[in-house]
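S.K.: Structure incoming, see below.
The values are calculated or read from the model by the stated rules, or taken from the named source; none is laboratory data. All figures in this text were calculated on a predicted structure; none of them were measured in a lab. Don't worry about glycine lacking a Cβ; one is built from the backbone with ideal geometry, like all the others, and counts go over all protein chains shown.
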Amino acid sequence: MRGEIARDVMASIIRFLTLAGLLVGSLSITVLAQTLTVIPDSEAGQHVGQHITVEGVVVKVFTSKNGNTFLNFGAAYPRQTFTGWIPKDSPVAGDAALSSLEGKRVKITGTIELYRGKPEIRINSKEQITEE
């Protein structure tokens, strides 16, 4: 009798783990599919709340007196179409290579948020930035 109960419990655990694995796998595929979507910086405002990749030319790299760095696309602030925002406490902050992105085609991956009506992605790791 104990052997049958143990087999039933083990079978239930295996079914649960299989189902959990399928759910996690489908979520991973969904996130991966979202990051494979690349949109131009001019369309970023239409994708607020989405985890996506935005591509365009960095027009201006600016570090504020507070230590936050901004990669402005499309035009300089305040007319930018999209911004990559690097907080001062980000591991990417202070990277001298950031200034070299000015004038280059760049992709930024992350979740688009609005700040004062303009779309932006918060950059917390170098992996979010790809230079073309």
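S.K.: Can you tell me which of 97, 93 is in the same structural domain as residue 66 (by TED's automatic domain parsing), surrounded by fewer than 12 Cβ atoms within 10 Å (Cβ to Cβ), on the phi < 0 side of the Ramachandran plot and modelled with pLDDT under 95? Give the steps one after another, and end with the answer.
M.R.: Working: 93 fails: surrounded by fewer than 12 Cβ atoms within 10 Å (Cβ to Cβ).
97 is the lone residue from the list that is in the same structural domain as residue 66 (by TED's automatic domain parsing), surrounded by fewer than 12 Cβ atoms within 10 Å (Cβ to Cβ), on the phi < 0 side of the Ramachandran plot and modelled with pLDDT under 95.
S.K.: Continuing with this model, one more query. Name the one entry in 110, 74 that is surrounded by 15 or more Cβ atoms within 10 Å (Cβ to Cβ), touching an Asp or Glu at 6+ places or on another chain (Cβ under 8 Å) and closer than 24 Å to residue 36 by Cα. Steps first, please.
M.R.: Values: 110 fails: touching an Asp or Glu at 6+ places or on another chain (Cβ under 8 Å).
After ruling out the rest, the residue left standing is 74.
S.K.: I would also like to ask the following. Among the residues in the stretch 106-122, are any part of a helix (DSSP H, G or I) and in contact (Cβ under 8 Å) with a residue 24 or more places away in the chain? I'd like the intermediate steps shown before the answer.
M.R.: So in the stretch 106-122, the residues part of a helix (DSSP H, G or I) come out as none.
So far as the stretch 106-122 goes, no, none of its residues is part of a helix (DSSP H, G or I) and in contact (Cβ under 8 Å) with a residue 24 or more places away in the chain.
S.K.: Tally time: how many residues in the stretch 43-101 are within 13 Å of residue 129 (Cα to Cα), among the β-branched types (Val, Ile, Thr) and in contact with a Ser or Thr (Cβ under 6 Å, 6 or more places away or on another chain)?
M.R.: So the count comes out to 3.
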